[in-house]
1. Could you work out the local net charge near D95, counting Lys and Arg as +1, Asp and Glu as -1, over the other residues with Cβ closer than 11 Å to its Cβ?
2. Rank the residues S146, S43 as a footprinting-exposure proxy: fewest other Cβ atoms within 10 Å of their Cβ go first.
3. In nanometres, what is the gap between the two model label sites at A163 and L129, each 7 Å from Cα along Cα-to-Cβ?
4. Between A582 and A511, what FRET efficiency follows from the Cβ-Cβ distance if R0 is 45 Å, with the result rounded to 0.05?
5. Quick check: residue separation of E10 and V367 times 0.36 nm, minus the Cα distance between them. What number comes out in nm?
6. If all Cα-Cα distances of the chain are sorted into 20 Å bins from 0 onward, what percent lands in each bin, rounded to whole numbers?
7. How many nm separate the modelled label positions at H594 and R227, each set 7 Å beyond the Cα in the direction of the Cβ?
8. From largest to smallest, what semi-axes in whole angstrom does the range 256-325 give when each is the square root of 5 times an eigenvalue of its alpha carbon gyration tensor?
Amino acid sequence: MRRLVELLAEGAPDEDITAVHVRARAAGAGPDDLAELEAAVASALRVRRALRQHRRREAELTALFETAGDLAGLRDLDDVLQSIVRRARMLLGTDTAYLTLPDERAGDTYMRVTDGSVSPLFQNLRLSLGEGLGGLVAQTTQPYASPDYGTDPRFLHTETIDAGVREEGLVGILGVPLLLGSSSAEGGKVIGVLFAADRRPRTFTPDETALLCSLAAHAAIAIDTARALADTRAALADLAEANAVIREHSSAMQRTEEAHDRLTDLVLRGGAAGEIAAAVGELLGCAIAIIDPTGHRMAQAGDGPELGLDDLAEAVAESRAAARAVPLGDHWVCAVLAGPELLGSLVALDRPALEDSDRRLFERAGVVTALLLLLRRTVTETENRIRGELLTEVLTAAHRDPAGLVDRGRRLGTDLEHPHLVLVAQAPARTRSKLSAAAAQHLFGRGGISAEHDETTVILLPYDGPDAAGADPAGVARTTAGRLTYLVGAPVTVAASGPASGPAALAAAHAEARRCLRAMGVLGRTGEGASAAELGFLGVLLGEGHDVRRFVHSVLGPLLEYDAQRGTDLVRTLQAYFDCGASLTRAKDDLHIHVNTVVQRLDRIGSLLGPGWNEPDRALELQLALKLNLLTV
């Protein structure tokens, strides 16, 4: 009896415990002793089985506690499921364990986790609903065990499943449901199946089935918890995104409200185009330019590059057709429209990207710009009509009351004593009615006045000195001719004169510009711009003051300067050459020099005056300048 207790304490196998009874019989123990010893051996074996069962239960509980601990941490669903499958394989002592989950999109079941598997085909197995042992478990929400799966008729066998099972070499398989809830009758839902399998025939005990069910319950909780967390994270992400959108929208609304208030205030105050550009530029954080339909910058706030007129015109046309702002390289362009009429364009310079809120703000600014331009144009046209009456009186009755005209001009915002350029524009008769409106549009934002007079349109532009932009009368005439031609849609010829100040001088400048305009028609320069000084000797004859010295210097300037700097006689040589009828021999006799010297001097004259100096038209101009030079010396 003492030996039996020692064997139990040592955890000896059943064979060693049974051997105690055998040895006692061999030693000749009596029948009573043997009977008592046999009963003791039987009790010892029961105690051993109970101890073994307790140890197994302890291991199972330990595994369940560890699984519960993993679930509490829930670091990663894959790690938890892999741990459950691994523990199922370890506790049941099977060759492999695996877990399948349904794919609701595909409408089938797929292998989620495996442990101990060696077959790629088995690891990637997909099962249609209701197929195989797993299908029966999912349908009945009950565990099923098969000691020999291949010959078990209870399951719906398919070639796909059987091929995977054969390649893995599985025979005995136990499957239990991953159930949320106690049973389907109590609202439970099967979300997967947990399996344990051997590569030999095996009958699974109820205890083993119960253990696998417990692990499956943990797996179901892990999956459900992970899905709930995923849904929560997704909901939080959606809420965060929605919150960001709301904040962005709120910020955009606040900026839009601010922009609306500022731009509306500008319109109500009758602000200038430059104020709109400055306000929009501050709101968008970039330079803003307001450009008229011909490509002229009416106003700009901030520094920005010049834009190609062709590219700008193409972008404006695109914006006009789409009724929205469009990109142009690193800039954005918005057509400024009043109904179908193009008033100009708004350009955001060096702003490669515009967010939707900024783009809408930019487009709103285009609408406000159109409104302000329309209001200012209406005011300008009204003022211009009144000032036009003043201009007409200056042109027709300058000597009647000069002081009164000057005083009226000041009251109307035009200082007639300030120097002005006088431009006279003429268009074909069929488009003459458009010319006056085009002139008013051309003057918008530039100052100056215009009026119709004697089938022409007269424009008065302030002159700010020779160093100011647009100071050259001929250049101003050419620019104005180009812009008016665009606005009218027909060739417009422009003649310029001045600068002049005071009613009388302005009337005289107008008369000179009219003569220059007639001369341009005779010379076939319709649709161009020029001044009397640009027409050579013809301009001298047309000019009111007959500025002979300026004409002589414009024609003979290079020769006069060369002679003055080097003490040469190029002007005298050219005079002798023309006086002798372009004869080199007679010219050398008149100058008392060798003929080669005459040739060398003429070569120098040609290099200074440029090619074509001895062509008939140019030769006539040179001879007239030489004669006038003799008179002014």
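Throughout, read-outs are computed from the coordinates displayed, never taken from laboratory work. Only a predicted model underlies this, so the values are computations on that prediction, with no experimental measurement involved. Positions of Cβ are backbone-derived with ideal geometry, glycine not excepted, and every protein chain shown enters the neighbour counts.
1. Numbers: positive: R89, R199, R200, R202; negative: D115, E168, D198.
Within the 11 Å Cβ shell, the charges total +1.
2. By the 10 Å Cβ count, ascending, the order reads S43, S146.
3. About 2.5 nm, to one decimal.
4. That gives a FRET efficiency of 0.70.
5. 118.7 nm
6. Calculated P(r), rounded to whole percents: 14, 22, 16, 12, 12, 14, 6, 3, 0.
7. 11.5 nm
8. Numbers: eigenvalues 103, 42, 29 Å².
Ellipsoid half-lengths, sorted descending, are 23, 14, 12 Å.
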